[in-house]
Amino acid sequence: MTGTGIGASVKRVEDQRFLTGNGNYTDDINRPGQSHAWILRSPHAHATITSVDISKAEKADGVIAIFTGADMAADGVGGLPCGWHIHNKDGSPMLEPGHPPLAHEKVRHVGDQVAIVIAATHDAARDAAELIEVDYGVLPAVINMDAALAGGTLVHDDVPNNRCFDWEIGDKNAVEAAFAAADHVVSIDLVNNRLIPNAMEPRAAISEFDRSSGQYTLHTTTQNPHVIRLLMGAFVLQIPEHKLRIVAPDVGGGFGSKIFHYAEEAILTWAAAKVHQPIKWTAERSESFATDAHGRDHETHADLALDKSGKFLGLRVATKANVGAYLSTFGSSVPTYLYATLLAGVYTTPAIYAEVQTVFTNTVPVDAYRGAGRPECTYLLERLVTKAARQVGIDPVALRKMNMIQPDQYPYQTPVALMYDCGDSPATFESALKASDYAGFGARRAAAEKSGKLRGIGISTYVEACGIAPSAVAGALGARAGLYESAQVRVHPTGSVTVYTGTHSHGQGHETTFAQLVSESFGIPIDQIEISHGDTDQVQFGMGTYGSRSLAVGGPAILNACNKVIDKAKKIAAHIMEADVSDIEFADGKFTVAGTDKEMAFAEISLAAYVPHNYPIEEIEPGLDENAFYDPLNFSFPGGAHICEVEIDPETGDTEIISFTAVDDVGRVVNPMIVEGQVHGGLAQGVGQAMLEGCVYDDAGQLLTGSYMDYTMPRADNLPNFSVATQSVMGASNPLEVKGVGEVGAIGSPPAVINAILDALAPLGVDDISMPATSLKVWQAIQESSVRQAAE
Amino acid sequence: MYQFNYQKAGSADEAASAVTAAEDGRFLAGGMTLIPTLKQRLAQPSDLVDLAGISDLVGIEDGGDSITIKGMTRHVDVANSDLVKSKIPALASLADNIGDPQVRNRGTIGGSLANNDPAADYPAAVLGLNATVITNKREIAAEDYFDGMFTTVLEEGELITAVRFPIPAKAAYMKFPNPASRYALVGVMVAQTGGDTRVAVTGAGQDGVFRASEIESALSANWSADAAKAVKMSDDGLNADIHASAEYRAHLISVMASRAVTAAG
């Protein structure tokens, strides 16, 4: 036993270099002859570009070149593509207006790219950018979704009413019938607040063009280098794969915001071939706020039909989703197939119908952010179910239990396309109720009351779909790419191993977790194993890391490649030990001949494979280096129960999370410590969304929350000591029996927090509060209730 | 940031003449506001005159019935000073809750007061404790020093060499932080000094720090938490932004004042 296999809390091997400042991030990289870029951005949310005068700027000290949207358009550069095609209710395709990397003729959000200045130094580029004279014809901005849908101001002239698409899912007639037969109808209107992702490392890129080979190289902060190669090469710049290398070195956090193909990547790559020298660009934090794709931003009305006993009969949902000024890479899929397909949640609701309109506004594009569609869905369901419990007069625990899918109902076909492969929501719910001492809450509330505090408890039970995805299913739903994963397992002559994975680690700890898979498979310690990712010239192929897919999709690819290695190694062992292959057994890193004391170590076989002096050369090739692609059978469906307890100071509205309990079903756990860390991080982001974070644009489209002075990131003192546990049904749709874990914390937690706050405020008659539930909003809700109560 | 000339002064006088001689000179104290402003290209001084090397400007002195804190004394040194902790614990505690450890290890009392951020903590201490701002040219009473947000009566080439705080009989500072910046959404210093009751409010006023005279009257008549809480502050002249309405700030002034009274004893 190596002690570093599946199930061991191995310390993260990558942390040594991260914590000692030895990481290799894009901005740490410098190329010979490198120049520096500054992107001139629009100060207006909506304006025509009448003219761009670069005559003064190009004469400034150190300037190498300046390019505008007109230059890229003249060169035939394409627009940034959207990766998922959605159809309207009537079957017509969604509207996909152009998204030029450098704005041409019109800017559509504050921060839209207008020109690139390339100079000898960063300061020279920035100084020169201030000399560019752009003549803008300022247009009214449209920020609010209702205003956008009313028409009038159009973000894109060819998109009437600013509606990208009007999509539906589910059986509308069945839902209407359910409502007609209902004893109770519970309705809710919700906003899922817009969030600004904040990876520790801002986006950055360095582009290069090699004149002798015609090869382009782009180092960039991406979660999926091969996807960028595909999107930028095929759709934007027409560079074939063999002439385009994308490298994502160490990347300091992504949370989804680094999935997408961003304009700067295309601008820099294109410009490198113009100036014939490397170009480096690193976003300032202000640019990150204003130009990284934002998350969430839904407005939803939903109705739940229940029978007399509280059984859910039907669910009807109408959502407006903001996609911002342009369709980002997954901007169309997040509010549709990653959202409405989960509306069954953990419940047996037999009839569900949802319609989603996506809306263009003069704001930065909105796309996937940790959870991507599933937090929006979970928030809707768990707020609605909690409201139903109160309205119908049934205990919220009992109402959930009586509607939950039971373990013997799996595989469970939902009315909204997904088929849950396995799960046990009642079990995780029961454990969370116990761990949180739910039964003892009344006493704690009474004690809080004595000290003048309002105490509340809130529940969220959830399921999510991740491990994106079976390619055939995704393709049928409109994905424009496959969503398998690949791995190459290269055993070196002395028995050490390098694994090339198409996923990408930007904080998740793959270098440890994936090494544990190989350690388990080969019976060798993880210090003999290197995990390599991020360079399209090294890694055969891959779709990258998002949607909690790395272990669930990338892991089985590694496992399958390991199994191919073992199969071949057994043949070598059989030859050398003069036995039949069927008699070769492999365990704990040793090949043995059944019923004898003959054995060979893993490294002896690898050496034999590369020094094939005594080798079955007529039967197999030398070497020990195997490739595997894996396409999953289904999504993976993690789930669980989150219970939050808060105390509110009614004088100030200050709300403190006293305890937070999470019991999550994440399938087989490879590294319990990393899983716990992932859940903690997700919970922090969920609490951030619920209580702290909210992106605000003013009516003119200026970003009011453009820095940490105004955008509240969660800090350690905003969070309690989380009580987290895993309780798993082993994953049914992949050979590792794993599920995703990266997003569960952010998906399950926001409604638990808000339900707790509303529970605390319920005695005052407060029945709604929007996220982020800041002290201000809590205080206002209390004031309004006291005013109302005084009036009554 | 834009290019500028960097000068390091050896004394307060040298610093003052360097700033006066420069085309558009600025003193650099801890730099906790000025440096981020420069990095964002929101200011373009011709010269920065660094005060960091002037040893005369650092230190805390016991004046018997007062404490004098030199202008370049860092927040962390005020927070950790045994003298301040024993004589004016409210001031030590205020300094200990400014910004974060990095800010407290760089930021200075003189820099903070010269900047007069409307949500900074020190202005509430100076006005609430009735301190005197001492510059290289004169002594300025707290009452006369502040002149609207980010504005003071300091003249060109005038720099804060020290601040003299009389020892209060009772004092406490309560801050309700802005959730994002952690500056004061509302910060209230209450103090009784030589029979005088003062309540100074930072974070809330459109013109920066001010005295809440309604609460001062209430507390002069009845020094109690309930008396402070019972005052309903007007929201006239208070800030409203995405973090707090004027009404919320008005309410928080009474609540923070009341809690400060409790803490002051």
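Summary table below
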| quantity | calculated |
| --- | --- |
| Enumeration of residues in region A:12-36 that are of a type in the set (A, V, I, L, M) and either out of contact with any helix residue (DSSP H, G or I) (no Cβ under 6 Å at 6 or more places or on another chain) or assigned to a helix (DSSP H, G or I) (or both) | A:19, A:29 |
| Test: residue in region A:384-399 that is over 22 Å from residue A:729 (Cβ atoms), modelled with pLDDT of 95 or more, under 30 Å from the mean Cα position of the chain (by Cα) and of a type in the set (D, E, K, R) | yes |
| Some residue of region A:691-703 being more than 14 Å from chain B (Cβ to nearest Cβ), out of contact with any strand residue (DSSP E or B) (no Cβ under 8 Å at 6 or more places or on another chain) and open to solvent by 10 Å² or more (accessible area, probe 1.4 Å) | yes |
| Pairs, first more than 24 Å from residue A:156 (Cα to Cα) in region A:117-142, second basic (Lys, Arg), C-beta under 8 Å, six or more apart | A:117/A:126; A:126/B:41; A:131/A:56; A:132/A:56; A:133/A:56 |
| Search result, residues across region B:173-192 that are buried (at least 20 other Cβ atoms within 10 Å of the Cβ) and either modelled with pLDDT under 95 or more than 14 Å from every other protein chain (Cβ to nearest Cβ) (or both) | B:173, B:189, B:190, B:191 |
| Search result, residues across region A:101-110 that are open to solvent by less than 40 Å² (accessible area, probe 1.4 Å) and in a loop (DSSP other than H, G, I, E, B) | A:101, A:102, A:103, A:108, A:109, A:110 |
| Within region B:1-59, considering residues that are within 14 Å of another protein chain (Cβ to nearest Cβ) and of a type in the set (Ser, Thr, Tyr), the one surrounded by the most Cβ atoms within 10 Å (Cβ to Cβ) | B:33 |
| Residue, nearest to the other protein chains (Cβ to nearest Cβ), within region B:232-254, restricted to residues that are surrounded by fewer than 20 Cβ atoms within 10 Å (Cβ to Cβ) and among the aliphatic types (A, V, I, L, M) | B:242 |
| Candidate set: region A:704-732, residues that are under 27 Å from residue A:665 (Cα atoms), in a loop (DSSP other than H, G, I, E, B) and among the hydrophobic types (A, V, I, L, M, F, W, C); chosen: the one nearest to the other protein chains (Cβ to nearest Cβ) | A:719 |
| All strands (runs of 3 or more DSSP E) inside region B:19-135 with 1 or more residues being free of Cβ contacts under 8 Å to residues at least 60 places away in the same chain and of a type outside the set (D, E, K, R) | B:25-28, B:47-50, B:60-62, B:132-135 |
| Count of residues meeting criterion [under 18 Å from residue A:565 (Cα atoms) and in contact (Cβ under 8 Å) with a residue 40 or more places away in the chain] in region A:497-518 | 8 |
| The listed residue being charged (D, E, K, R), surrounded by 24 or more Cβ atoms within 10 Å (Cβ to Cβ) and closer than 24 Å to residue A:515 by Cα, out of A:588, A:665 | A:665 |
| Qualifying residue in region A:53-74 (condition: modelled with pLDDT under 95, outside any strand (DSSP E or B) and not basic (Lys, Arg)) | no |
| Residues of region A:548-579 satisfying the condition of being part of a loop (DSSP other than H, G, I, E, B) and open to solvent by less than 10 Å² (accessible area, probe 1.4 Å) | A:549 |
| Residue ranges of strands (runs of 3 or more DSSP E) in region A:111-187 with at least 1 members under 28 Å from residue A:706 (Cα atoms) and among the basic types (Lys, Arg) | A:163-170 |
| Cβ-Cβ under 8 Å pairs, at least 6 apart or on other chains, region A:609-629 side touching a residue at least 40 places away in the same chain (Cβ under 8 Å) and more than 14 Å from residue A:495 (Cα to Cα), far side assigned to a loop (DSSP other than H, G, I, E, B) and not aliphatic (A, V, I, L, M) | A:615/A:622; A:627/A:540; A:629/A:484; A:629/A:541 |
| Selection count, region A:638-678, where residues are among the charged types (D, E, K, R) and either within 14 Å of chain B (Cβ to nearest Cβ) or over 12 Å from residue A:741 (Cα atoms) (or both) | 6 |
| Filter pass, residue A:398 being open to solvent by 10 Å² or more (accessible area, probe 1.4 Å) and in a helix (DSSP H, G or I) | yes |
| Condition check for residue A:448: open to solvent by less than 10 Å² (accessible area, probe 1.4 Å) and assigned by TED's automatic domain parsing to the domain that holds residue A:654 | yes |
| Qualifying residue in region A:229-248 (condition: within 20 Å of residue A:25 (Cα to Cα) and of a type in the set (Asp, Glu)) | no |
| One residue from B:150, B:146, B:165 being among the aromatic types (Phe, Trp, Tyr) and surrounded by fewer than 21 Cβ atoms within 10 Å (Cβ to Cβ) | B:150 |
| Count of residues meeting criterion [open to solvent by less than 10 Å² (accessible area, probe 1.4 Å), part of a helix (DSSP H, G or I) and more than 24 Å from residue A:332 (Cβ to Cβ)] in region A:248-288 | 4 |
| Options A:622, A:616, A:650: the member that is open to solvent by less than 30 Å² (accessible area, probe 1.4 Å) and in a loop (DSSP other than H, G, I, E, B) | A:616 |
| Qualifying residue in region B:182-199 (condition: in contact with a Lys or Arg (Cβ under 7 Å, 6 or more places away or on another chain) and at positive phi) | no |
| Residues being without any contact (Cβ under 8 Å) to a residue 40 or more places away in the chain and open to solvent by less than 40 Å² (accessible area, probe 1.4 Å) - total across region B:212-231 | 7 |
| Lone qualifier among B:204, B:218 - being at pLDDT 95 or above and either in contact with a strand residue (DSSP E or B) (Cβ under 8 Å, 6 or more places away or on another chain) or closer than 30 Å to residue A:695 by Cβ (or both) | B:204 |
| Subset tally (residues that are assigned to a loop (DSSP other than H, G, I, E, B) and open to solvent by 10 Å² or more (accessible area, probe 1.4 Å)) for region A:339-367 | 3 |
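So that you can scan it fast, the table gives a plain yes or no per residue for (1) in contact with a Gly (Cβ under 9 Å, 6 or more places away or on another chain); (2) open to solvent by 50 Å² or more (accessible area, probe 1.4 Å); (3) in a loop (DSSP other than H, G, I, E, B):
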site: A:434; (1), (2), (3): no, yes, no
site: A:444; (1), (2), (3): no, yes, no
site: A:452; (1), (2), (3): no, no, yes
site: A:457; (1), (2), (3): no, no, no
site: A:468; (1), (2), (3): yes, no, yes
site: A:482; (1), (2), (3): yes, no, yes
site: A:487; (1), (2), (3): yes, no, no
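The values are calculated or read from the model by the stated rules, or taken from the named source; none is laboratory data. Model, not experiment: these values are computed from the prediction. Positions of Cβ are backbone-derived with ideal geometry, glycine not excepted, and every protein chain shown enters the neighbour counts. The area values use the complete protein model at the heavy-atom level, side chains included, leaving out ligands, DNA and RNA. Shrake-Rupley method; radii C 1.70, N 1.55, O 1.52, S 1.80 Å.
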